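Worksheet: one structure, shown below.
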Amino acid sequence: MLKKWRLQHPSALFWSTYALLLVVVAVLGGLGGMVLGYSIDLPQVEELQKVRPNVVSYVYSADGEVLGEFALEKRILVTYDQIPVQLRQAILAAEDADFFEHSGIDFRRFFVTIVRNILYNQRKGASTLTMQLCKLRFTSSEKRLERKIKDILFAIETEKSFSKEQIFTLYFNQIYMGHGIYGVAAAADFYFDKTLDQLTLAESALLAGVLNVPERYSPIRHPARALHRRAYALRRMMEVGYISQDEMEAAREEPIRTSGKTDKEIAPYFVEWVRQHLERNYPTEKIWKGGLKIYTTLDSRMQKAANLAIRRGLQEFDKKTRPWQGSDENVLDKGGQLEDYSHPDWRQIFRTDQLVHGLVTEVSPDEALVKFGSYTARLDAAGIQWTRKKRVDRALKVGDVVVFDIQEIDHQNKVMKVALDRIPEIQGAFMVLDNRSGAILAMVGGFDFQYSQFNRATQALRQPGSIFKPFTYLVALEEGKSPFDRLLDAPVNYVDELGRPYEPKNSDSEYKGLIPLQQALAESRNVPTLRLAKALGIEKIIAMAQRFGIRRQFLPVLPIALGAGEITLEEISSAFSVLGNKGVRAKPYFVRRVEDFNGFTLEEHQTEFEHVISPTICSKMLYLLRQVVQRGTAGRARVLNRPLVGKTGTTNEATDTWFVGLTPQITAGVWVGFDEKRSLGEEIYGANMALPIWIDFMKQVDDLVPREEFEDIYIPTALDMVLDTTVAEEKLRELEPISVEDIPAVTAEDLPPDAPPQVRPPTRRP
């Protein structure tokens, strides 16, 4: 029939054939023109090797733990040989099984995919690993013909310029893996807290599955989808012949255990301090993209102990002194809907020992159901015990948004165990230094970096109170006084530089008459300290503090001797460390060495030493500070049963509380107070606020700090022991007792001649 039609219509056949040829030529010409045009504009694929991708800069502790990262793209670069065979096979099976056979384009797979997309409306991809690499580096993710053509051209050129191993490695290091992570090695570290050689078969298959669409298959955000995708990767590995069916089935039974490792910064205040140091010394590009290695002085074990001690101490004080009054925020009271509510805390990866806001969606006398994004938790009466409420519905109501402490977490089932908590109003700081080198071993700048980035260890200027008193006694020792020389503890009145009366008092409002220097410091008595400071000269005391590294400039007024100025915890802790190093100050530092990506040293610390006081004066001062622990305000520290010295500090109205303590190896300082200067309450002192936190820390690090005695500490003579009213009371009974009533009060004649007439002499006090 067709043959008959051709014979009857020869001209029609000619013209139809001609038209078809024209269409084919036009299409081919168009495609050829497009290909030629795109090929002319293509960048050189050699850029793949010349341009190094952005690399993470890591901050390391002294014991090798990663403290933090600076990166625009979190990435760990590896070589081909560092990629385990099983992980390579998982990626190839899931993404491009014929990678080592094709020339960049898998034409069979390409045309099969096109047919399926046309006939069955499937949206399957046919990109090889080479094409995916080119898309990452040169094109985009838009599904356009132009991009596909460029991907193909790039793939062909890339295969000509690089070996298969090089292409695979480039892809492995650059592929996005979700949560701001780039490269499979960084993903293994993030999701599993493992290096590549530690991965199991199931974990390798999961990573191979994640890289397809990371936001959809993240095992943290979508564990069910991740399991499904892992099963696919394992099945493909079996089909290709990489693993047996038994291996596949065993791997499929393995539960997903993820960590979200990069959110677990143990020293965020310290890492921010390091960042500020780097910003002052290096270009921003080098810090955030250059792959620096920053080796610091911090001891991760001491840091964790300091974190826990501060957190426990502040939370305990907050819960004892501030009653639970319910939530400050309720979604329903504001006219909102429970199903529409979302809190910024829910965008992070949850971990244990973390404080996060939760939404109460159901409540009964026995329990409450709490929502944390896609996670839920049931809170029973044990979780609200500290509020002193017997029933859960007396503490919480539906719609409340409050803080909870995550105690356990099941990422796979999206279930958590929590306890009701809150962010304390009170703040604290902690600093630990190595006496001999000045290295900062631990630093806490506040209760929680997430809620306040202000570093109270290095930035907060606070009144030191009694913790400043040792500088007065150091001047006295340097001028030849003995720890057993007597001071008068009796009422006194001074006139300040503005002509105003100044009548200092002891914290207990009592007076003890003549007492030795060591007792005056051990009991932190104000009046004898001021009498001593007046006799010595306040300028000498300020100069002594500055010799010890206190950077502040103080007005030369007498109350400075009682800590009326302002200092930082870093300064006072560093100053005390001089006493643990025989009178030599090692300048504090926290960055040991900085290396670039290639291992070249950019910076290396050289310890700076400064002779401050003689070893003899140092030994006597250590003796005085030991009395503070053995018989004075820091007596609680005796529970540690180890050689140590220290000093408590409390300001007027208890706005600031301190304790700085030393062992022969380390100095550790604690500050506690409110950010705004208000009282912590009645009967609150450094001895019962800051010191217990210090003791908690020392108990945790007991095995890290050897029990050594201070070298060359002052040993009193027999005569000294007799003269010491606190040591040899039986000898003192032979002496005539001294009563405060027998000590003359300061009269108007004792005041400076230029004192204003309205200044009244102080009255006698029993």
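Report whether or not ALA586 is in contact with a helix residue (DSSP H, G or I) (Cβ under 6 Å, 6 or more places away or on another chain) and at pLDDT 95 or above.
no
Can LYS505 be described as assigned to a strand (DSSP E or B) and open to solvent by 60 Å² or more (accessible area, probe 1.4 Å)?
The answer is no for LYS505.
Each row is one residue, and each column tells you yes or no for (1) crowded, with 21+ Cβ neighbours inside 10 Å; (2) over 20 Å from VAL56 (Cα atoms).
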position: TYR176; (1), (2): no, no
position: SER204; (1), (2): yes, yes
position: GLY209; (1), (2): yes, yes
position: HIS228; (1), (2): no, yes
position: MET238; (1), (2): no, yes
position: GLU265; (1), (2): no, no
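If you take the residues of the stretch 425-445 that are in a loop (DSSP other than H, G, I, E, B) and open to solvent by less than 10 Å² (accessible area, probe 1.4 Å), which of them is farthest from GLU570 (Cα to Cα)?
Top of the filtered list is ILE426.
Which of (1) buried (at least 23 other Cβ atoms within 10 Å of the Cβ); (2) at pLDDT below 95; (3) of a type outside the set (A, V, I, L, M, F, W, C) is the odd one out, the single condition GLY599 does not satisfy?
For GLY599, the failing item is (1).
What's the number of the only condition in (1) of a type in the set (A, V, I, L, M, F, W, C); (2) closer than 30 Å to ASP96 by Cβ; (3) open to solvent by 50 Å² or more (accessible area, probe 1.4 Å) that LEU234 fails to meet?
(3)
Residues to consider are LEU369, LEU441, LEU379, LEU433; find the one that is touching an Asp or Glu at 6+ places or on another chain (Cβ under 8 Å), within 28 Å of GLU272 (Cβ to Cβ) and among the hydrophobic types (A, V, I, L, M, F, W, C).
LEU441
Looking for something within 14 Å of THR472 (Cα to Cα) and of a type in the set (D, E, K, R) - is there at least one such residue anywhere in the stretch 544-554?
Checking the stretch 544-554: at least one residue is within 14 Å of THR472 (Cα to Cα) and of a type in the set (D, E, K, R).
Can you tell me how many residues in the stretch 605-628 are open to solvent by 30 Å² or more (accessible area, probe 1.4 Å) and assigned to a helix (DSSP H, G or I)?
Summing the residues that are open to solvent by 30 Å² or more (accessible area, probe 1.4 Å) and assigned to a helix (DSSP H, G or I) in the stretch 605-628 gives 4.
Return the residues of the stretch 406-423 that are in contact with a Leu (Cβ under 7 Å, 6 or more places away or on another chain) and over 15 Å from ASP318 (Cα atoms); say none if nothing qualifies.
VAL418
Does ASN641 qualify as being farther than 20 Å from LEU441 by Cβ and open to solvent by 10 Å² or more (accessible area, probe 1.4 Å)? First the steps, then the outcome.
Details: farther than 20 Å from LEU441 by Cβ: yes; open to solvent by 10 Å² or more (accessible area, probe 1.4 Å): yes.
In short, yes.
Just give me the residues in the stretch 678-701 being surrounded by fewer than 14 Cβ atoms within 10 Å (Cβ to Cβ), charged (D, E, K, R) and touching a residue at least 40 places away in the same chain (Cβ under 8 Å), in sequence order.
Matches in the stretch 678-701: LYS699 only.
Just the residues that are open to solvent by 40 Å² or more (accessible area, probe 1.4 Å), in contact (Cβ under 8 Å) with a residue 60 or more places away in the chain and within 19 Å of LEU420 (Cβ to Cβ), please, taken from the stretch 342-368.
ARG351
Name the one entry in LEU314, LEU308, LEU278 that is modelled with pLDDT of 95 or more, among the hydrophobic types (A, V, I, L, M, F, W, C) and under 30 Å from ASP596 (Cα atoms).
Exactly one of LEU314, LEU308, LEU278 is modelled with pLDDT of 95 or more, among the hydrophobic types (A, V, I, L, M, F, W, C) and under 30 Å from ASP596 (Cα atoms), namely LEU278.
Collect the residues in the stretch 382-409 that are hydrophobic (A, V, I, L, M, F, W, C) and farther than 15 Å from LEU355 by Cβ, keeping them in residue-number order.
Our first condition is that a residue be hydrophobic (A, V, I, L, M, F, W, C); within the stretch 382-409, this holds for 382, 384, 386, 392, 395-396, 398, 401-404, 406, 409.
Within the stretch 382-409, ALA382, ILE384, VAL392, ALA395, LEU396, VAL398 meet the criteria.
Could you tell me which of the residues ILE738, ILE693 is at pLDDT below 50 and in contact with a Gly (Cβ under 7 Å, 6 or more places away or on another chain)?
Exactly one of ILE738, ILE693 is at pLDDT below 50 and in contact with a Gly (Cβ under 7 Å, 6 or more places away or on another chain), namely ILE738.
Only one of LYS334, LYS371, LYS320, LYS390 is closer than 29 Å to LYS699 by Cα, of a type in the set (Lys, Arg) and free of Cβ contacts under 8 Å to residues at least 60 places away in the same chain. Can you tell me which? Quick ask: steps written out before the conclusion?
Numbers: LYS334 fails: closer than 29 Å to LYS699 by Cα; LYS371 fails: closer than 29 Å to LYS699 by Cα; LYS390 fails: closer than 29 Å to LYS699 by Cα.
None of the other options fit; the residue is LYS320.
Looking only at residues in the stretch 187-240 that are at pLDDT 90 or above and among the polar types (S, T, N, Q), which one is nearest to ALA90 (Cα to Cα)?
The residue in question is SER204.
With basic (Lys, Arg), farther than 24 Å from SER57 by Cα, at pLDDT 80 or above and more than 32 Å from the chain's Cα centre (by Cα) as the only criterion, which of LYS164, LYS135 stands out?
Working: LYS135 fails: at pLDDT 80 or above.
Result: LYS164 is the single residue among LYS164, LYS135 that is basic (Lys, Arg), farther than 24 Å from SER57 by Cα, at pLDDT 80 or above and more than 32 Å from the chain's Cα centre (by Cα).
Just need a number here: residues in the stretch 580-611 that are under 20 Å from VAL432 (Cα atoms) and among the hydrophobic types (A, V, I, L, M, F, W, C).
Adding up the residues that qualify gives 5.
Do you know which of the residues in the stretch 466-511 that are aromatic (Phe, Trp, Tyr) and farther than 12 Å from ALA533 by Cβ is modelled with the lowest pLDDT?
Only one residue fits best here, namely TYR502.
Restricting attention to strands (runs of 3 or more DSSP E) lying wholly within the stretch 329-403, give those where 1 or more residues are more than 23 Å from GLU265 (Cα to Cα), basic (Lys, Arg) and touching a strand residue (DSSP E or B) at 6+ places or on another chain (Cβ under 7 Å).
It comes to 367-372, 375-380.
Can you tell me which residue among ALA520, ALA575, ALA543 is closer than 24 Å to GLY480 by Cβ, open to solvent by 10 Å² or more (accessible area, probe 1.4 Å) and at pLDDT 95 or above? Steps first, please.
On the way: ALA520 fails: open to solvent by 10 Å² or more (accessible area, probe 1.4 Å); ALA575 fails: open to solvent by 10 Å² or more (accessible area, probe 1.4 Å).
That would be ALA543, the only listed residue that is closer than 24 Å to GLY480 by Cβ, open to solvent by 10 Å² or more (accessible area, probe 1.4 Å) and at pLDDT 95 or above.
Determine whether the stretch 400-417 contains at least one residue that is surrounded by 22 or more Cβ atoms within 10 Å (Cβ to Cβ), over 26 Å from the mean Cα position of the chain (by Cα) and touching a residue at least 60 places away in the same chain (Cβ under 8 Å).
yes
The values are calculated or read from the model by the stated rules, or taken from the named source; none is laboratory data. No experiment lies behind these values; they were computed from the predicted model shown. Positions of Cβ are backbone-derived with ideal geometry, glycine not excepted, and every protein chain shown enters the neighbour counts. Only protein heavy atoms, including side chains, enter the accessible area calculation; ligands, DNA and RNA are left aside. Shrake-Rupley method; radii C 1.70, N 1.55, O 1.52, S 1.80 Å.
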